[in-house]
């Protein structure tokens, strides 16, 4: 299994840079609270099914892809600790 050492936030930040949108604009587009967006971008809030569904509808990518990215990153961190 290939695990990513990159958190989902890296992909979201790339999307934001490419599309020239702010955190506030992302919060509005996803209907996610700005504080939660900041937490996601700072890797303090994990991608949940609800968040993944909102990301899928607003910025693209399948919700399962967002969840897999989060799960792979979590597994990477666990393995890194050992």
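No value in this document is a laboratory result; all are computed from the given coordinates. Computed from a predicted structure; not experimentally measured. Quick reminder, even Gly has a Cβ in these numbers, built from the backbone with ideal geometry, and neighbours come from all protein chains shown.
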task = Report, ordered by the first and then the second residue, all pairs with beta carbons closer than 7 Å, sequence separation of six or more or different chains, a first member in the range 42-55 that is at positive phi and in contact (Cβ under 8 Å) with a residue 12 or more places away in the chain, and a second member that is in a loop (DSSP other than H, G, I, E, B) and crowded, with 16+ Cβ neighbours inside 10 Å.
result = 43/7
note = Selection from the range 58-79 of residues in contact (Cβ under 8 Å) with a residue 24 or more places away in the chain and assigned to a helix (DSSP H, G or I) yields 58, 66, 69, 70, 72, 73, 74, 75, 76, 79
note = Taking the range 16-47 and keeping residues surrounded by 13 or more Cβ atoms within 10 Å (Cβ to Cβ) and under 20 Å from residue 77 (Cα atoms) leaves 39, 40, 41, 43, 45, 46, 47
